[in-house]
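Asks: Just dropping this structure here.
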Amino acid sequence: MNAEHIQSRLHDALHRGHRKATEEELAEVTAVVLAIVTEVTVELAVVIAELAARVQALEAQATT
C-alpha cells in the first residue's frame, strides 16, 4: 500500500458529506488507519534497530 493510495482513501472517507457513515465505510476507514499505524510501527522498529546498532558500535569503540 503506497502513500498516495492511503491519502486517497482517507480523503474519500472524510469527504462523504453530512450523512452518517455506514458500517462498510467505517470498516474502510479503520482499515486505512490500521495500515498507517502498521507502517509507522515498522518504520519506528527500523529506526530503533539502527539506533541500537549505533549505540553498540559506539560502546564497542569506547572500550577499545
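The values are calculated or read from the model by the stated rules, or taken from the named source; none is laboratory data. A quick note: this is a predicted structure, and the numbers were derived from the prediction, not measured. Reconstructed Cβ throughout: ideal geometry from the backbone, glycine too, with neighbour counts over all protein chains shown.
Asks: Being exposed (fewer than 10 other Cβ atoms within 10 Å of the Cβ), under 19 Å from the mean Cα position of the chain (by Cα) and at pLDDT 75 or above is the filter here, so list the residues in region 1-40 that pass it. Don't jump to the end; show me each part of the working.
Replies: The initial filter retains those residues of region 1-40 that are exposed (fewer than 10 other Cβ atoms within 10 Å of the Cβ), namely 2-4, 11, 14-15, 17-20, 23-24.
So of that shortlist, the ones also under 19 Å from the mean Cα position of the chain (by Cα) come out as 2-4, 11, 14.
Asn2, Ala3, Glu4, His11, listed by residue number.
Asks: Can I ask one more? Based on this model, can you work out whether Ala57 counts as more than 19 Å from the chain's Cα centre (by Cα) and either at pLDDT 75 or above or of a type in the set (Lys, Arg) (or both)? Outline the logic, then answer.
Replies: Working: more than 19 Å from the chain's Cα centre (by Cα): yes; either at pLDDT 75 or above or of a type in the set (Lys, Arg) (or both): yes.
Against the criterion (more than 19 Å from the chain's Cα centre (by Cα) and either at pLDDT 75 or above or of a type in the set (Lys, Arg) (or both)), Ala57 qualifies.
Asks: Pick out the one residue from Arg54, Arg19 that is among the charged types (D, E, K, R), out of contact with any Gly (no Cβ under 8 Å at 6 or more places or on another chain) and not in a helix (DSSP H, G or I). Steps first, answer last, please.
Replies: Working: Arg54 fails: not in a helix (DSSP H, G or I).
Selected residue: Arg19, the only one of Arg54, Arg19 that is among the charged types (D, E, K, R), out of contact with any Gly (no Cβ under 8 Å at 6 or more places or on another chain) and not in a helix (DSSP H, G or I).
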